[in-house]
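Participant: Following this message is one structure expressed as structure tokens.
Derivation of every value follows stated rules applied to the coordinates shown; laboratory data play no part. Here the structure is a predicted model, which is why all the values come from computation and not from measurement. Cβ coordinates were reconstructed from backbone atoms using ideal geometry, including for glycine residues, and neighbour counts include every protein chain displayed.
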Amino acid sequence: MILELDCGNSFIKWRVLESNARVVLGGGVVDSDLALLAELKLLSGLALKYCRLVSVRTPEETGLLISLLKESFDVSVVSASPAREMAGVRNGYDEFEKLGLDRWLALLGGFHLAGGACLVLDFGTAVTADFVAADGWHLGGFICPGMPLMRNQLRTHTRKIRYGDLAAERALERLDPGRTTVEAVERGCLLMLRGFVQTQLELARGHWGEGFTVFLTGGDAGLVSEMVPEARVVPDLVFVGLAMACPLA
Ligand SMILES: Nc1ncnc2c1ncn2[C@@H]1O[C@H](COP(=O)(O)OP(=O)(O)O)[C@@H](O)[C@H]1O
Ligand SMILES: CC(C)(COP(=O)(O)O)[C@@H](O)C(=O)NCCC(=O)O
Ligand SMILES: [K+]
């Protein structure tokens with residue numbers, strides 16, 4: 001069996017595949033290394049042979065997780081590494097190794113699935129946009145704070161903005177002007193996010209007219225999917241790229 005991990009700034013996304021990599025046996029989202037081990041140990045008949053992972057965490061944190069995995073499951077672990085060029089895509093960063101590896105894998109996956117120009121939008125701790133032209137050139141992208149960062153900045157840097165998670169979730173059921181603090185903040189941040197998406201779509205149309213595919217991924221993709229009905233929502237886009245960057249055969 002193959003364990004796949006996407007270690008973001010807030011959460012670790014995991015899934016276990018059969019050795020042929022065709023069947024997904026289980027998966028989930030956890031907030032720590034130990035929670036990951038605990039969830040994996042709950043899977044019956046677990047027999048991990050390989051693990052491939054991508055991490056945007058520090059080398060120390062990633063190294064610690066890799067050691068834990070090796071101790072617990074006796075697996076061989078490969079970690080995605082930066083590349084200038086792969087699978088017909090050319091990294092557009094001046095220093096290719098500085099492009100976030102989750103972004104790189106998501107855009108590799110996106111270009112592969114689209115077979116042409118694509119705009120990849122990832123809604124995690126940060127929100128990222130990446131542009132890949134039909135010839136595989138990555139034009140670069142944009143990074144801005146995601147919902148968790150936007151709301152936490154307001155909560156941390158003001159004295160009167162305080163509310164709980166449940167109220168936050170309820171506030172987003174509608175988008176009328178807020179009549180409470182929680183509504184005003186949650187809806188305001190969501191409108192900022194949607195404004196960002198709108199701008200990315202306009203930029204992509206400026207480059208490619210209507211000839212491009214939009215991908216939405218990341219834990220908060222659902223917050224914007226309604227406004228981009230033509231988009232392909234692919235929660236496991238990073239894993240698509242991970243399999244391309246770290247083939248096990
Ligand atoms: N099952 C889930 N567990 C945790 N967060 C989730 C889940 N589903 C959606 N989310 C949302 O996803 C966001 C985190 O997205 P994610 O792509 O995991 O971020 P990162 O890659 O930066 O760790 C959170 O702000 C949260 O609102
Ligand atoms: C932009 C990111 C913080 C996104 O991380 P995430 O929200 O997925 O946890 C990550 O891709 C990263 O650390 N990138 C390095 C900087 C860059 O891509 O330019
Ligand atoms: K991510």
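Participant: Within the range 115-131, can you find the residues that are away from ligand 1 (no atom under 16 Å from the Cβ) and either over 13 Å from Arg232 (Cβ atoms) or in contact with a Cys (Cβ under 7 Å, 6 or more places away or on another chain) (or both)?
Facilitator: Ala117, Phe131
Participant: Another question, if that's okay. Exactly one of (1) surrounded by fewer than 16 Cβ atoms within 10 Å (Cβ to Cβ); (2) within 14 Å of ligand 1 (Cβ to nearest atom); (3) among the aliphatic types (A, V, I, L, M) is unmet by Ala171. Its number?
Facilitator: (1)
Okay, residues lined up against (1) away from ligand 1 (no atom under 16 Å from the Cβ); (2) out of contact with any strand residue (DSSP E or B) (no Cβ under 6 Å at 6 or more places or on another chain):
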position: Ala184; (1), (2): yes, yes
position: Gln200; (1), (2): yes, no
position: Gly211; (1), (2): yes, yes
position: Asp220; (1), (2): no, no
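Yes/no matrix, rows are residues, columns are (1) over 18 Å from Leu139 (Cα atoms); (2) in contact (Cβ under 8 Å) with a residue 40 or more places away in the chain; (3) surrounded by 20 or more Cβ atoms within 10 Å (Cβ to Cβ):
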{"position": "Thr199", "(1), (2), (3)": "no, no, no"}
{"position": "Glu202", "(1), (2), (3)": "no, no, no"}
{"position": "Glu210", "(1), (2), (3)": "no, no, no"}
{"position": "Asp220", "(1), (2), (3)": "yes, yes, no"}
{"position": "Ser225", "(1), (2), (3)": "yes, no, no"}
{"position": "Pro229", "(1), (2), (3)": "yes, no, no"}
{"position": "Pro235", "(1), (2), (3)": "yes, no, no"}
{"position": "Phe239", "(1), (2), (3)": "yes, yes, yes"}
{"position": "Leu242", "(1), (2), (3)": "yes, yes, yes"}
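Participant: Does the range 60-68 contain any residue that is closer than 23 Å to Asp122 by Cβ, in contact with a Gly (Cβ under 9 Å, 6 or more places away or on another chain) and within 16 Å of ligand 3 (Cβ to nearest atom)?
Facilitator: no
Participant: Of the residues that make up the range 178-195, is at least one of a type in the set (Val, Ile, Thr) and surrounded by fewer than 15 Cβ atoms within 10 Å (Cβ to Cβ)?
Facilitator: yes
Participant: Please give the number of the condition Ala168 fails out of (1) closer than 24 Å to Thr199 by Cβ; (2) touching a helix residue (DSSP H, G or I) at 6+ places or on another chain (Cβ under 9 Å); (3) part of a helix (DSSP H, G or I).
Facilitator: (1)
Participant: Report, by residue number, each residue of the range 75-87 that is free of Cβ contacts under 8 Å to residues at least 24 places away in the same chain and surrounded by 15 or more Cβ atoms within 10 Å (Cβ to Cβ).
Facilitator: Pro82
Participant: Looking at the range 88-114 only, could you name the residues that are away from ligand 1 (no atom under 16 Å from the Cβ), without any contact (Cβ under 8 Å) to a residue 60 or more places away in the chain and assigned to a helix (DSSP H, G or I)?
Facilitator: Phe96, Glu97, Lys98, Phe111, listed by residue number.
Participant: If only one of Asp176, Asp220 is away from ligand 3 (no atom under 16 Å from the Cβ) and not small (Gly, Ala, Ser), which one is it?
Facilitator: Asp176
Participant: Right, next: Could you give every pair whose Cβ atoms fall below 7 Å, whose first residue belongs to the range 1-15 and is within 15 Å of ligand 2 (Cβ to nearest atom), and whose second residue is among the aromatic types (Phe, Trp, Tyr) and not in a loop (DSSP other than H, G, I, E, B), counting only separations of at least 6 or pairs across chains?
Facilitator: From the range 1-15, the pairs are Leu5/Trp14; Asp6/Phe239.
Participant: Determine, yes or no, whether Ala134 is more than 21 Å from Met192 (Cα to Cα), more than 14 Å from ligand 1 (Cβ to nearest atom) and outside any helix (DSSP H, G or I).
Facilitator: Judged against the criteria, Ala134 is a match.
Participant: Can you name every residue in the range 44-74 that is surrounded by fewer than 16 Cβ atoms within 10 Å (Cβ to Cβ), of a type outside the set (D, E, K, R) and in a loop (DSSP other than H, G, I, E, B)?
Facilitator: Listed by number, the residues that qualify are Ser44, Gly45, Leu46, Ala47, Thr58.
Participant: Could you please let me know if Ala129 is within 12 Å of ligand 2 (Cβ to nearest atom), aliphatic (A, V, I, L, M), assigned to a helix (DSSP H, G or I) and in contact (Cβ under 8 Å) with a residue 12 or more places away in the chain?
Facilitator: Here the answer is no, as Ala129 does not meet what is asked.
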